[in-house]
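Peer 1: Have a look at this one before I ask anything.
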Amino acid sequence: MSDAVNLADKLSTFANHWSPKIVAGFNGCDVMVVKALGAFTWHSHPDTDDFFLVLKGRLRIEMRDGDVTLGPGELYVVPKGVEHRPVAEEEVHLLLIEPAGTPNTGDTATAARKDTI
């Protein structure tokens, strides 16, 4: 990668929700942006933590033991194996980092395809 990645520019190239787009990679991880709106499915990742950084908007991460609400510039890491459901009452822009190939639902059968932009 020879150029800086402008996250706002990348986010402006698509409108669909809950469909992560890979913008970079490092050390075997995908760096992704995603637009979120509404409630995602309850899921867990048995082998990896789940990293959320809010770029724009507010995100509530529901977990069985309590919720975490994030605003712009705030991040939260859901520990591996913890069932959770991200919820966005209004459109939210997120940065996600996870090992390459990790399904966003924790299950390859139901995961969204991750395109590189």
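The values are calculated or read from the model by the stated rules, or taken from the named source; none is laboratory data. Note that the structure is predicted; figures quoted are calculated from it, not measured. Here Cβ is always computed from backbone atoms with ideal geometry, including for glycine, and neighbour counts include all displayed protein chains.
Peer 1: Could you check how many residues of region 37-62 are more than 19 Å from K80 (Cβ to Cβ), in a strand (DSSP E or B) and touching an Asp or Glu at 6+ places or on another chain (Cβ under 7 Å)? Don't jump to the end; show me each part of the working.
Peer 2: Narrowing region 37-62 to residues more than 19 Å from K80 (Cβ to Cβ): 37-39, 54-60.
Pick out the ones that are also in a strand (DSSP E or B) and you get 37-39, 54-56, 59-60.
Within this subset, residues satisfying the condition of being touching an Asp or Glu at 6+ places or on another chain (Cβ under 7 Å) are 37, 54, 60.
Here the count works out to 3.
Peer 1: Output the residues belonging to region 36-76 that are under 19 Å from G101 (Cα atoms), surrounded by 14 or more Cβ atoms within 10 Å (Cβ to Cβ) and of a type outside the set (A, V, I, L, M, F, W, C).
Peer 2: H43, S44, H45, T48, D49, D50
Peer 1: Find the residue count for region 1-34, including only residues that are out of contact with any Ser or Thr (no Cβ under 8 Å at 6 or more places or on another chain), under 14 Å from K56 (Cβ atoms) and assigned to a strand (DSSP E or B).
Peer 2: 1
Peer 1: Next up: Let me spell it out: the conditions are (1) under 13 Å from the mean Cα position of the chain (by Cα); (2) modelled with pLDDT of 95 or more, and R64 meets all of them except one. Which number is the exception?
Peer 2: Against the list (1) under 13 Å from the mean Cα position of the chain (by Cα); (2) modelled with pLDDT of 95 or more, R64 comes up short only on (1).
Peer 1: Residues in region 48-72 that are touching a Lys or Arg at 6+ places or on another chain (Cβ under 6 Å) and farther than 14 Å from L94 by Cβ: how many?
Peer 2: 4
Peer 1: When region 18-35 is examined, which residues are found to be touching a residue at least 40 places away in the same chain (Cβ under 8 Å), out of contact with any Pro (no Cβ under 8 Å at 6 or more places or on another chain) and surrounded by fewer than 15 Cβ atoms within 10 Å (Cβ to Cβ)?
Peer 2: Matches in region 18-35: G25 only.
Peer 1: Please enumerate the residues belonging to region 63-100 that are without any contact (Cβ under 8 Å) to a residue 40 or more places away in the chain, part of a loop (DSSP other than H, G, I, E, B) and farther than 19 Å from H17 by Cα.
Peer 2: Across region 63-100, the qualifying residues are R64, D65, G66, D67, G73, E74, P79, K80, G81, V82.
Peer 1: Taking the condition more than 26 Å from A15 (Cβ to Cβ) and under 11 Å from the mean Cα position of the chain (by Cα), does V77 pass?
Peer 2: yes
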